[in-house]
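Undergrad: If you scroll down you'll find the structure; I have some questions about it.
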Amino acid sequence: MDSPSPVRRVDYLDLLPAGWGKTIKQAYARQLTRAAVATAGHPFPSVAAIGPLRRRLLPRLAGVGDPRHVALTFDDGPHPDATPELLDLLARAGVRATFFLLGRMAEQLPEVARQIVDAGNEVGVHGYEHRLLLRHGPAATRHDIGRATAAITAVTGARPLWWRPPYGMANAAALLEARRLGLRPVLWTAWGRDWTRACTPDSVYRSVLRTLEGGGTILLHDSDHAAAPKCWLAMLGALPAILTTCRARGLEVGPLAEHGITGDPTRADRAGRVTRPH
Ligand SMILES: [Zn+2]
């Protein structure tokens with residue numbers, strides 16, 4: 001059985017945003033230990049946001065899909081400035097994406113939330129509030145996911161099919177509630193680290209490209225809701241180069257709906273089997 005070396009664990013925790021605080025980093029460390037003892041074929045009780053390990057043990061949960069496709073996803077919106085600018089950029093590029101919305105922000109900005117769907121993009125559930133579910137009890141967790149799903153559906157008129165917990169971490173109660181609501185959990189294989197004060201278009205581009213492969217899922221943010229003010233400007237600066245690189249590699253970029261993820265994402269599948277969508 002594989003187990004991550006202490007060095008790797010420290011490296012990974014160092015990558016997490018400083019602003020996330022000690023509690024969240026400790027929770028990552030605990031989940032990393034749990035993931036190390038998980039075996040293929042067993043249900044996975046916790047969602048662990050651990051890049052390389054997750055991709056290997058739970059490729060579908062990590063968002064590994066069709067090797068000729070890259071899923072483009074944005075968390076924490078809608079945002080009054082970032083989201084319209086991003087929608088404009090995507091429209092000019094002829095690319096659609098999946099937006100993991102916060103229920104509270106969708107209710108505050110219904111017009112912006114509707115623009116996302118009207119432009120042909122897909123909406124998923126991030127949560128009603130942006131909070132670490134591990135800190136809350138099962139009842140509060142169920143309530144948050146249910147309220148978020150209802151709010152996003154009511155505002156956009158589109159029924160979300162995907163769920164990504166804040167910070168990429170959840171417990172069994174959250175996973176069961178998501179399943180009951182018809183939501184499939186999905187995390188990411190590449191992120192832009194586009195939440196820091198110091199991030200630049202170049203740093204976001206390099207961060208995404210460091211782990212991006214065909215079949216991967218990119219996480220970016222069209223909001224500074226849980227990040228440094230206006231850090232989404234760096235994301236907007238990086239996105240054209242990311243799309244150009246994907247195109248140059250022969251990879252199609254689009255929403256999770258077209259990514260070819262099949263089966264239960266919380267069950268291990270070493271083969272990472274995917275089906276090309278028709
Ligand atoms: Zn988030």
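Values in this text are rule-based calculations from the coordinates and carry no lab data. Here the structure is a predicted model, which is why all the values come from computation and not from measurement. Positions of Cβ are backbone-derived with ideal geometry, glycine not excepted, and every protein chain shown enters the neighbour counts.
Undergrad: Count, please, the residues in the range 115-151 that happen to be within 18 Å of LEU176 (Cβ to Cβ), away from the ligand (no atom under 15 Å from the Cβ) and of a type outside the set (Ser, Thr, Tyr).
TA: The number of residues fulfilling the criteria is 10.
Undergrad: Let me ask something else about it. Determine the pairs where a residue that is within 21 Å of LEU251 (Cβ to Cβ), located within the range 195-215, has a partner that is hydroxyl-bearing (Ser, Thr, Tyr) and surrounded by 22 or more Cβ atoms within 10 Å (Cβ to Cβ) with Cβ atoms under 7 Å apart, the partner being 6 or more residues away or on another chain.
TA: Pairs that qualify, where the first residue is within 21 Å of LEU251 (Cβ to Cβ) and the partner is hydroxyl-bearing (Ser, Thr, Tyr) and surrounded by 22 or more Cβ atoms within 10 Å (Cβ to Cβ), are THR211/THR189.
Undergrad: Select from the range 208-256 the residues that are more than 16 Å from the ligand (Cβ to nearest atom), among the polar types (S, T, N, Q) and within 15 Å of the chain's Cα centre (by Cα) and list them in ascending order.
TA: Residue satisfying the conditions is THR211 alone.
Undergrad: Which of the residues belonging to the range 77-109 are within 17 Å of the chain's Cα centre (by Cα), within 16 Å of the ligand (Cβ to nearest atom) and within 21 Å of LEU243 (Cα to Cα)?
TA: Answer for the range 77-109, where residues must be within 17 Å of the chain's Cα centre (by Cα), within 16 Å of the ligand (Cβ to nearest atom) and within 21 Å of LEU243 (Cα to Cα): GLY77, THR83, LEU86, ALA97, THR98, PHE99, PHE100.
Undergrad: Now for a separate question. Which residue, of ARG184, ARG164, is within 16 Å of the ligand (Cβ to nearest atom), buried (at least 17 other Cβ atoms within 10 Å of the Cβ), closer than 20 Å to LEU256 by Cβ and among the charged types (D, E, K, R)?
TA: Details: ARG184 fails: within 16 Å of the ligand (Cβ to nearest atom).
Going through ARG184, ARG164 in turn, the sole match is ARG164.
Undergrad: Taking the conditions exactly as written (of a type in the set (A, V, I, L, M), crowded, with 20+ Cβ neighbours inside 10 Å and over 20 Å from ASP224 (Cβ atoms)), does LEU102 satisfy them or not?
TA: no
Undergrad: Kindly evaluate VAL112 against the criterion of being touching a residue at least 40 places away in the same chain (Cβ under 8 Å), away from the ligand (no atom under 16 Å from the Cβ), aliphatic (A, V, I, L, M) and in contact with a helix residue (DSSP H, G or I) (Cβ under 8 Å, 6 or more places away or on another chain).
TA: No.
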